[in-house]
Amino acid sequence: MAVAKKVVTKKNKKSNKPKKRPPLKLGDSASLPLTDILLSQPVLGQNVPGQGTDTFKMPIMAIGFRPTGGGPVVPIDPTNPLPVSDASGPGNTNITIANGDDVAEGSTTDVIVAAGAAGTVSAKLRRATQGLEDLKTLALTNAPAQSATGSIQTPLCVGANVGNASNNQTLSGAVNKTTYISGFYVTGLGASSASNIKVTITGLLGGATLTFDYTIPSGTTVQGTLLSMNFNPPIPANAQNTDIVVNVPAFGAGNTSASAGAFGFRQ
């Protein structure tokens with residue numbers, strides 16, 4: 001009687017264990033899943049139950065970068081992950097990596113080019129920044145003065161010298177602007193005989209007229225005194241687009257020099 005043998009089929013079970021990778025060597029390149037580095041391995045110095053500390057040391061020195069243009073792989077130093085420079089470029093030339101230090105990049109000696117001319121990016125940027133600086137200087141130099149309220153002021157200054165003639169000085173008005181007088185002066189030589197004249201300012205706020213006496217000395221070469229007035233705050237005109245006039249009569253017969261002036265602004 002034949003006895004049937006029980007045939008047992010042995011199934012090959014597929015292992016779920018991750019395939020062990022060979023250790024990396026300097027100069028090798030490999031793609032590692034981020035989880036292989038961050039999740040599946042203990043951290044250096046971490047206390048692993050039953051294994052103590054320092055049980056895993058990642059081969060940091062096998063990670064590095066290759067300079068552009070070829071050359072050996074430059075290892076990353078764990079104490080300085082991105083070295084500032086390394087003399088391992090093509091032909092042992094120095095390569096520079098920015099790591100936060102103030103490292104110069106590109107040429108710093110490119111000569112500034114004229115506007116619209118060909119040149120390096122650095123040279124053109126130097127032209128652009130210089131142009132902006134010139135524009136700022138021009139704007140500040142020619143900018144009109146501003147009042148305390150921020151409105152634009154246009155300075156006014158007039159004056160003249162005559163001989164035995166009226167010497168009126170006018171600070172002119174303008175549409176939608178008010179003229180202000182900040183001061184005036186009168187001086188000059190004498191005349192054949194002494195006299196007194198009245199210097200007046202007209203066109204002022206409220207229709208007021210200011211009057212000042214001035215004495216003409218006797219003698220055509222005798223220097224007269226200086227009549228000088230400054231108004232603080234400046235006095236406005238009676239209305240917009242209205243002139244302010246400093247009226248100076250003639251000094252008299254024999255006079256050869258009589259000076260008068262006025263200054264202020266319009267805003």
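The values are calculated or read from the model by the stated rules, or taken from the named source; none is laboratory data. A quick note: this is a predicted structure, and the numbers were derived from the prediction, not measured. So basically every Cβ, Gly included, is an ideal-geometry build from the backbone, and we count neighbours across all protein chains shown.
Conditions (1) polar (S, T, N, Q); (2) at pLDDT 95 or above; (3) under 30 Å from Val111 (Cα atoms), marked per residue:
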site: Leu135; (1), (2), (3): no, no, yes
site: Leu140; (1), (2), (3): no, no, yes
site: Gln169; (1), (2), (3): yes, yes, no
site: Asn196; (1), (2), (3): yes, yes, no
site: Thr200; (1), (2), (3): yes, yes, no
site: Gly203; (1), (2), (3): no, yes, no
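Sub-9 Å Cβ pairs linking a first residue in the range 236-251 that is at positive phi to a second residue that is assigned to a loop (DSSP other than H, G, I, E, B) and of a type in the set (A, V, I, L, M), at least 6 apart or interchain, are Asn241/Val175, ordered by first then second residue.
If you take just the strands (runs of 3 or more DSSP E) that sit entirely in the range 129-228, which of them hold at least 2 residues that are without any contact (Cβ under 8 Å) to a residue 40 or more places away in the chain? Step through it out loud before you land on a result.
On the way: elements: 152-162, 169-171, 179-188, 195-202, 210-216.
The qualifying strands (runs of 3 or more DSSP E) are 210-216.
Within the range 175-188, being in contact with a strand residue (DSSP E or B) (Cβ under 6 Å, 6 or more places away or on another chain) and farther than 11 Å from Tyr214 by Cβ holds for Lys177, Thr178, Thr179, Tyr180, Ile181, Ser182, Gly183, Phe184.
Before we move on, is Leu204 closer than 24 Å to Ala165 by Cβ and either surrounded by fewer than 17 Cβ atoms within 10 Å (Cβ to Cβ) or not hydroxyl-bearing (Ser, Thr, Tyr) (or both)? Taking the combined requirement at face value, the residue does not satisfy it.
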